[in-house]
Amino acid sequence: MRDSPGLEIPPPDRYADAVRARRAELRAERALLLGGHRTELRSSLAAGRLAASAALSTTLAGFGRELRHHADTADGTGRAALPALTGAAVGRLAGWTATGWTTALLPGVRRVAAARHLPWGSRSGPDPAAAVLVRPPPPVALPAPGLPTGAVRALLAGAAGGTWRLALLPAAALPAVGLPALGGRAVLPLALGVGMALLAAATRAHRVAADRARLRSWVVEVVGATRTALETDLAYRLLELERVAGAELDEAVDCRRAEVDAELRALAADHGGSGRVDR
């Protein structure tokens with residue numbers, strides 16, 4: 001079928017098509033700016049808190065195992081130095097944990113901004129949200145370890161447990177080597193010396209065991225105190241982060257929405273529209 005004479009098909013208006021496509025993009029972007037960023041921010045921070053708490057639990061479990069191993073294997077000098085070493089180690093652990101929070105929480109805040117095409121972090125000056133996370137954590141107050149068991153206390157505890165019987169063991173063993181149990185003055189010093197040596201060794205072993213048990217119990221308190229302090233610090237940081245990042249997102253959303261509205265009005269006016277921005 002041939003076209004009628006004089007009937008011409010108008011060429012496509014590519015400019016109008018481009019304007020309509022751009023207006024559709026702007027309306028879709030504006031829909032993302034009408035709310036919801038606060039809810040998404042809270043969800044992101046809640047997920048980040050779960051990840052941070054799980055990582056903290058793993059770190060503290062390994063830290064507790066290391067401290068208990070030191071308490072079980074160190075000599076007297078090592079056990080005496082454990083409280084000071086633990087205090088320094090807790091300070092380093094708290095610093096590493098705070099650094100991990102920055103890695104776990106800040107990307108979620110930036111994803112909320114990126115989903116709305118907001119220029120997060122492009123402004124001059126430090127990022128207020130990052131400043132909340134990168135600051136050093138407060139010192140962790142650790143419980144004081146109990147006093148070591150003294151020699152007298154260890155001796156009394158051993159006596160209550162029957163350790164005194166070791167002093168009589170040499171006298172009971174003398175007949176086994178062909179000597180009378182009551183061999184007079186010639187045998188008495190030997191029996192007393194051996195018995196006192198056994199008693200001293202048993203008392204020392206009891207003292208070491210009590211000291212190790214004291215440190216193991218203290219390690220449990222240290223891990224609990226560290227967990228409480230760091231979890232509390234994390235909770236305060238999350239509250240402040242939600243406030244600071246929420247305000248930053250509100251400001252960025254308002255600015256971007258004003259830019260989108262202005263471009264929509266310009267496109268409507270340029271294309272002969274009413275200049276009304278869809279709500």
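Every read-out reported here was derived from the displayed coordinates using simple, explicitly stated rules and does not represent laboratory data. Worth saying up front: this structure is predicted, and the values here are computed from it rather than measured. Note: ideal-geometry Cβ built from the backbone for every residue, glycine included; neighbour counts use all protein chains shown.
Worth a mention:
- Residue-by-residue Karplus 3J(HN,Hα) for segment 32-41, coefficients 6.51, -1.76, 1.60, Hz, glycine and proline x: 6, 9, 8, x, x, 6, 5, 5, 5, 5
- Straightening the chain between residue 84 and residue 111 buys 5.5 nm, computed as 0.36 nm per residue apart minus the Cα-Cα spacing.
- Length gained on full extension, residue 43 to residue 20: 4.8 nm, using 0.36 nm per residue less the C-alpha separation.
- Hz values of 3J(HN,Hα) by residue in segment 113-118 - Karplus curve (6.51, -1.76, 1.60), Gly and Pro given as x: 5, 5, 5, 10, 6, 8
- Counting charges near residue 53 (Lys, Arg +1; Asp, Glu -1) among other residues having Cβ under 15 Å from its Cβ returns a value of +1.
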